[in-house]
């Protein structure tokens, strides 16, 4: 007897009429017409069942702090950093925990199963680190939370940052972060990459650096990150987040840079919503948009996963923990408009990002963890088009969030019609 069977599901690869049986927290069978009894059943009704959404880049210590102590009037990255500097001294560990727990609850209802959050280590009290370590433990049964030690003010620029970052790692933070383009000089930025990667290599940790989050085409710290990855044998364990300077670099240099990234096995994490909101602020027209060269990176064989970065914080006043919003924006900005491109964008917020985070047991195959989301859509492209309603969220074979399908009754000329948004999907 199974604990749960999800019946009549459509899978992301196009299989239809599939049953997914769960037992003891894992997927026991994926096939049509499973006859065995189950403690609970869900009729997917032909809708799409996907592995959970994955957010590989977020700032949970700042989330839901919008307006405290003031608003970011200019909307720029630098004012956001300045505002965050004003907030850090006045917030408490309890404030951060409360906001982060609220966000985690929202994220779970939106089908997110794992989040990688950067946490600022440029705080003598390490309040964010203390808070998010508590949150990581509190949510572990329903959300995988990875933490990145992130010296927001520059690990060399801030004289205490290196010591604090190491202390955060000693406290149990999972991953080494950095922000080389925020150091005082290009040489300091490159040195910060070297030092931080050496710490990761010594400790056997992954690396995830804010890299070249700028419109400056000469900000080329991803080159250093890729080279240090090779030198220290960190292939597959390193991610470059943002990489927005690549949209301003000349094509010849990029033709050398991308093969270096491929050789190093570096993952790329664009953050479409925030990148296009913050970048290009110094331009008149033509005005650049900040998303990195997603198509070129993907086509070269680099693993690309999209992050959401921020929700209602000093840098971004919108957001609702919806990774389909992230994919929707990436698709538009990157001109990823073919059917294959759009389907790939769904992978960029699911399987690709799971690979970046190194999640074990992720997927819908027998033996995988029984974590999945039922979407009111019939395929991944329609899920992005509609930013599909989440009908059920399942964790370890147990339904932890559920809602009714969204339809609208339309009354015109004395007649009534029920409008189902999925009925407008193109016919195969």
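Scanning region 359-408 for residues that are assigned to a loop (DSSP other than H, G, I, E, B), under 13 Å from residue 113 (Cα atoms) and under 19 Å from the mean Cα position of the chain (by Cα) returns 359, 360, 361, 362, 363, 371.
Using the structure shown, decide if residue 307 is in the same structural domain as residue 347 (by TED's automatic domain parsing), within 21 Å of residue 354 (Cβ to Cβ), in contact with a strand residue (DSSP E or B) (Cβ under 9 Å, 6 or more places away or on another chain) and surrounded by fewer than 17 Cβ atoms within 10 Å (Cβ to Cβ). Spelling it out, it is not the case that residue 307 is in the same structural domain as residue 347 (by TED's automatic domain parsing), within 21 Å of residue 354 (Cβ to Cβ), in contact with a strand residue (DSSP E or B) (Cβ under 9 Å, 6 or more places away or on another chain) and surrounded by fewer than 17 Cβ atoms within 10 Å (Cβ to Cβ). The listed residues are 56, 151, and the only one of them that is under 19 Å from the mean Cα position of the chain (by Cα), modelled with pLDDT of 95 or more and at negative phi turns out to be 56.
Exactly one residue out of 156, 133, 195 is touching a strand residue (DSSP E or B) at 6+ places or on another chain (Cβ under 8 Å) and modelled with pLDDT of 95 or more, and it is 133. Just one of the listed residues (330, 354) is touching a residue at least 40 places away in the same chain (Cβ under 8 Å) and within 30 Å of residue 73 (Cβ to Cβ), namely 330. Screening the candidates 295, 289 for the property of being assigned by TED's automatic domain parsing to the domain that holds residue 110, surrounded by fewer than 19 Cβ atoms within 10 Å (Cβ to Cβ) and assigned to a loop (DSSP other than H, G, I, E, B) yields one hit, 289.
Filter region 17-39 down to the residues that are farther than 19 Å from residue 369 by Cβ and surrounded by 13 or more Cβ atoms within 10 Å (Cβ to Cβ) and list them by number. Within region 17-39, just 17 meets the criteria.
Among the residues in region 333-345, are any in a loop (DSSP other than H, G, I, E, B) and under 16 Å from the mean Cα position of the chain (by Cα)? Among the residues of region 333-345, not one is in a loop (DSSP other than H, G, I, E, B) and under 16 Å from the mean Cα position of the chain (by Cα), which makes the answer no. Taken over region 162-206, the residue count meeting the criterion of being within 24 Å of the chain's Cα centre (by Cα) and without any contact (Cβ under 8 Å) to a residue 24 or more places away in the chain is 1. Consider residue 222 carefully, then state whether it is surrounded by fewer than 24 Cβ atoms within 10 Å (Cβ to Cβ) and modelled with pLDDT of 95 or more. No: the conditions fail for residue 222.
Look at (1) touching a helix residue (DSSP H, G or I) at 6+ places or on another chain (Cβ under 7 Å); (2) part of a helix (DSSP H, G or I); (3) surrounded by fewer than 24 Cβ atoms within 10 Å (Cβ to Cβ) and you find that residue 277 fails only one, number (1).
Inside region 301-325, residues that are touching a helix residue (DSSP H, G or I) at 6+ places or on another chain (Cβ under 6 Å) and either free of Cβ contacts under 8 Å to residues at least 12 places away in the same chain or assigned to a helix (DSSP H, G or I) (or both) make up a count of 1.
The values are calculated or read from the model by the stated rules, or taken from the named source; none is laboratory data. Only a predicted model underlies this, so the values are computations on that prediction, with no experimental measurement involved. Here Cβ is always computed from backbone atoms with ideal geometry, including for glycine, and neighbour counts include all displayed protein chains.
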